[in-house]
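**Q** What follows is a single structure, and I will ask about it in a moment.
The values are calculated or read from the model by the stated rules, or taken from the named source; none is laboratory data. Keep in mind it's a predicted model, so treat the numbers as computed, not measured. A quick note on method: Cβ atoms are made from the backbone with ideal geometry, for glycine too, and the neighbour counts reach across all protein chains shown. For the accessible areas, the whole protein counts, side chains as well, though only heavy atoms, and no ligand, DNA or RNA atoms are used. Shrake-Rupley method; radii C 1.70, N 1.55, O 1.52, S 1.80 Å.
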Amino acid sequence: MQSNVKQVFNDSAALTSKPSLKDGVLQLHFNESILKEQDKSVIADEVMETLVRTLTNVQGVEAVQVNVESVEELVNENGEAYTEPVTKQQFIPTEKL
């Protein structure tokens, strides 16, 4: 399990400022090490999902806005931009079993 964690989170990824909470949105500012592909400003889907699912379990946190230093537009692995704060509902499967 330890190797899986290292694959998801880069050891040098770190917050660059103190998180802030306003109107239910937790703002996080990371260094570029959190990115899966720095040249394309891609954050791994698994990283975003883990952050959002974990942090929205904290009382008062309804959504998470991730920012990365020197990156204007953060995108997922499909190239879709994160233009709004991310909620855990975005990770609920939409298919019926």
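**Q** Out of all the residues in region 16-40, which are within 15 Å of residue 58 (Cβ to Cβ), of a type in the set (A, V, I, L, M) and under 12 Å from the mean Cα position of the chain (by Cα)?
**A** Scanning region 16-40 gives 26, 28.
**Q** Kindly indicate the residue of region 83-94 that is at pLDDT below 95 and open to solvent by less than 90 Å² (accessible area, probe 1.4 Å) and also nearest to residue 52 (Cα to Cα) among those meeting that condition.
**A** 88
**Q** How many residues are assigned to a loop (DSSP other than H, G, I, E, B) and modelled with pLDDT under 85 if we restrict to region 1-29?
**A** 4
**Q** Answer with yes or no whether residue 78 is more than 15 Å from residue 13 (Cα to Cα) and polar (S, T, N, Q).
**A** yes
**Q** Sort out which residues of region 55-81 are at pLDDT 95 or above and hydroxyl-bearing (Ser, Thr, Tyr), and write them in order of number.
**A** Residue satisfying the conditions is 56 alone.
**Q** Just one of 50, 83 is of a type in the set (Ser, Thr, Tyr) and either in a helix (DSSP H, G or I) or in contact with a Cys (Cβ under 6 Å, 6 or more places away or on another chain) (or both); which is it?
**A** Step by step, each of 50, 83 is checked, and only 50 is of a type in the set (Ser, Thr, Tyr) and either in a helix (DSSP H, G or I) or in contact with a Cys (Cβ under 6 Å, 6 or more places away or on another chain) (or both).
**Q** Still on this model: Collect the residues in region 23-32 that are over 21 Å from residue 73 (Cβ atoms) and either open to solvent by 40 Å² or more (accessible area, probe 1.4 Å) or among the charged types (D, E, K, R) (or both), keeping them in residue-number order.
**A** If the condition is that a residue be over 21 Å from residue 73 (Cβ atoms) and either open to solvent by 40 Å² or more (accessible area, probe 1.4 Å) or among the charged types (D, E, K, R) (or both), then 23 is the only one that fits.
**Q** Also, I was wondering about something else. For a quick check of your reading of the model, give me the residue pairs whose first member lies in region 20-40 and is closer than 16 Å to residue 82 by Cα and among the aromatic types (Phe, Trp, Tyr), whose second is in a strand (DSSP E or B) and open to solvent by less than 60 Å² (accessible area, probe 1.4 Å), with beta-carbon atoms closer than 6 Å and at least 6 apart or on different chains.
**A** Between residues of region 20-40 that are closer than 16 Å to residue 82 by Cα and among the aromatic types (Phe, Trp, Tyr) and residues that are in a strand (DSSP E or B) and open to solvent by less than 60 Å² (accessible area, probe 1.4 Å), the close pairs are 30/68.
**Q** Which ones in region 33-44 are surrounded by 14 or more Cβ atoms within 10 Å (Cβ to Cβ) and either of a type in the set (Ser, Thr, Tyr) or assigned to a helix (DSSP H, G or I) (or both)?
**A** Here is the first cut: in region 33-44, the residues surrounded by 14 or more Cβ atoms within 10 Å (Cβ to Cβ) are 33-36, 41-44.
Once the filter is applied, which keeps residues that are surrounded by 14 or more Cβ atoms within 10 Å (Cβ to Cβ) and either of a type in the set (Ser, Thr, Tyr) or assigned to a helix (DSSP H, G or I) (or both), region 33-44 yields 33, 34, 41.
**Q** Restricting region 45-69 to residues that are within 11 Å of residue 24 (Cα to Cα) and open to solvent by less than 20 Å² (accessible area, probe 1.4 Å), which is nearest to the chain's Cα centre (by Cα)?
**A** Among those that are within 11 Å of residue 24 (Cα to Cα) and open to solvent by less than 20 Å² (accessible area, probe 1.4 Å), it is 64.
**Q** Report, by residue number, each residue of region 30-39 that is modelled with pLDDT under 85 and of a type outside the set (Asp, Glu).
**A** Across region 30-39, the qualifying residue is only 38.
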